[in-house]
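Engineer: Pasting in a structure now, in structure tokens, and then I'll have a few things to ask.
The values are calculated or read from the model by the stated rules, or taken from the named source; none is laboratory data. What you see is a predicted model; the values in this text were computed from it and never measured. Positions of Cβ are generated from backbone atoms using ideal geometry, with glycine treated the same way; all protein chains shown enter the neighbour counts.
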Amino acid sequence: MLTRGGGDAAAGARRDSVRRLAGIGLALLLAAAVAPPAAAAGAATTVRAAAARAGGIECPVGQHDCNVWDDDPGTPGRPGDGGDPGDGGGSDTGGKCQWNGRVIACYDEDLGWFDNGSGCYYKLEEPQPPDTPEGKQWYLVTCDGGDLGSQHEELLDAPPPGYGTPPDPEELARRALASISLLPPRLGVAPRRSKGPGLVGLPVWMWASPGEDYFGPLHASASDRGLTVSITAEVDRIVWDMDNGEKVTCTGPGTPYEVNGANAGQRSPDCGYHEGYPRADKYDVSATTFWTVKWQSSGGESGEITQTRTSGTAQIQIDELQVVTR
């Protein structure tokens with residue numbers, strides 16, 4: 001390995017340009033480094049806003065598989081029983097490296113690629129000086145995590161470790177996925193035990209809160225070392241566990257039951273346990289949404305990631321149908 005401090009006029013001009021552009025980037029980096037409290041406050045605000053949209057969801061930070069539910073459906077099959085209608089129920093973006101305890105970009109357009117081992121950025125000089133030995137290449141090297149005061153040139157016979165290595169696009173897709181919230185479904189069922197019992201053989205309605213946070217589509221992207229991956233997350237189906245060995249699959253959130261609606265006492269138009277429970281008992285109903293996350297990279301690769309989110313439970317009380325004779 002050879003190093004040199006000077007070069008032809010073109011190389012010097014390139015270095016001056018890099019110094020000016022990198023200096024701007026470092027100034028922005030230092031400004032960002034003193035803003036963690038504001039960032040933390042922003043994150044807390046985001047969490048609170050998500051909780052408000054969810055109608056009372058309180059999940060631990062970073063944990064989306066938490067139990068949530070709603071409590072105000074009516075009772076199908078008994079349109080005259082009163083009760084409240086249900087309203088839906090219960091849930092530079094570049095890669096980052098570190099140097100001396102601070103976060104920096106793994107790739108910088110002006111400084112090149114960062115080598116964690118040496119703490120230096122390496123940028124291939126273009127064009128190469130005419131006297132460059134065969135099989136070797138000159139790199140502009142900025143060490144100490146991008147400190148322009150330690151900038152020099154090196155002649156190498158091979159790229160430095162990690163130089164130009166493309167990231168795994170699926171890893172980037174998962175990074176983008178981690179930046180959004182796929183909330184668990186908030187359930188609504190009718191009849192609901194808290195509102196009154198249903199009857200054997202009568203239809204059961206099920207629904208979940210609609211909206212992007214619960215069913216998608218949600219969009220995000222992540223970038224690293226010149227590669228960008230974009231994702232779209234959307235629910236394919238919601239599967240209801242009726243707590244009696246049977247499951248019901250719906251393709252959408254379903255329709256809330258309205259005690260005084262046109263369909264009161266009838267089957268749900270899109271998501272229901274139409275034949276009802278065959279025997280009297282108490283049942284704990286839950287639901288799972290199945291998400292498909294489709295990703296596409298700027299390099300032309302694509303793929304899918306599957307995710308699930310599971311709700312809490314909603315109780316249904318089913319009584320025997322009494323026959324009155326005279």
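Engineer: Report whether or not GLU246 is in contact with a Gly (Cβ under 6 Å, 6 or more places away or on another chain) and modelled with pLDDT of 95 or more.
Structural biologist: On the way: in contact with a Gly (Cβ under 6 Å, 6 or more places away or on another chain): no; modelled with pLDDT of 95 or more: yes.
No: the conditions fail for GLU246.
Engineer: Now for a separate question. Whether any residue in the range 176-185 is under 30 Å from GLY252 (Cβ atoms), outside any loop (DSSP other than H, G, I, E, B) and either assigned by TED's automatic domain parsing to the domain that holds ASP284 or not acidic (Asp, Glu) (or both) is what I want to check.
Structural biologist: So in the range 176-185, the residues under 30 Å from GLY252 (Cβ atoms) come out as 176-185.
Subsequent filtering for residues that are outside any loop (DSSP other than H, G, I, E, B) retains 176-177.
From what's left, either assigned by TED's automatic domain parsing to the domain that holds ASP284 or not acidic (Asp, Glu) (or both): 176-177.
Looking for residues that are under 30 Å from GLY252 (Cβ atoms), outside any loop (DSSP other than H, G, I, E, B) and either assigned by TED's automatic domain parsing to the domain that holds ASP284 or not acidic (Asp, Glu) (or both), one finds at least one in the range 176-185, hence yes.
Engineer: Does the range 206-233 hold any residues that are closer than 18 Å to THR289 by Cα and among the polar types (S, T, N, Q), and which are they?
Structural biologist: Once the filter is applied, which keeps residues that are closer than 18 Å to THR289 by Cα and among the polar types (S, T, N, Q), the range 206-233 yields SER209, THR232.
Engineer: Right, something else. Could you tell me which of the residues LEU148, LEU177 is aliphatic (A, V, I, L, M) and at pLDDT 90 or above?
Structural biologist: On the way: LEU148 fails: at pLDDT 90 or above.
Residue meeting the stated conditions: LEU177.
Engineer: For GLY146, state whether it is assigned to a loop (DSSP other than H, G, I, E, B) and surrounded by 15 or more Cβ atoms within 10 Å (Cβ to Cβ).
Structural biologist: The answer is yes for GLY146.
Engineer: For the list (1) of a type outside the set (D, E, K, R); (2) in contact with a Phe, Trp or Tyr (Cβ under 6 Å, 6 or more places away or on another chain); (3) modelled with pLDDT under 95, I need the number of the one condition that VAL204 fails.
Structural biologist: For VAL204, the exception is condition (3).
Engineer: If you don't mind, another one. Mind listing just one residue for me: the one in the range 159-180 that is among the hydrophobic types (A, V, I, L, M, F, W, C) and crowded, with 19+ Cβ neighbours inside 10 Å and, of those, nearest to the chain's Cα centre (by Cα)?
Structural biologist: Selected residue: LEU177.
Engineer: Identify all residues within the range 200-232 that are aliphatic (A, V, I, L, M) and either farther than 26 Å from TYR277 by Cβ or assigned to a strand (DSSP E or B) (or both); write none if there are none. Break it down into steps so the answer makes sense when it comes.
Structural biologist: Here is the first cut: in the range 200-232, the ones aliphatic (A, V, I, L, M) are 200, 202, 204, 206, 208, 218, 220, 222, 227, 229, 231.
Passing the criteria: VAL204, MET206, ALA208, LEU218, ALA220, ALA222, LEU227, VAL229, ILE231.
Engineer: How many of the residues in the range 111-143 are modelled with pLDDT under 90, in contact with a Gly (Cβ under 7 Å, 6 or more places away or on another chain) and either among the charged types (D, E, K, R) or not in a strand (DSSP E or B) (or both)?
Structural biologist: Total meeting the criteria: 2.
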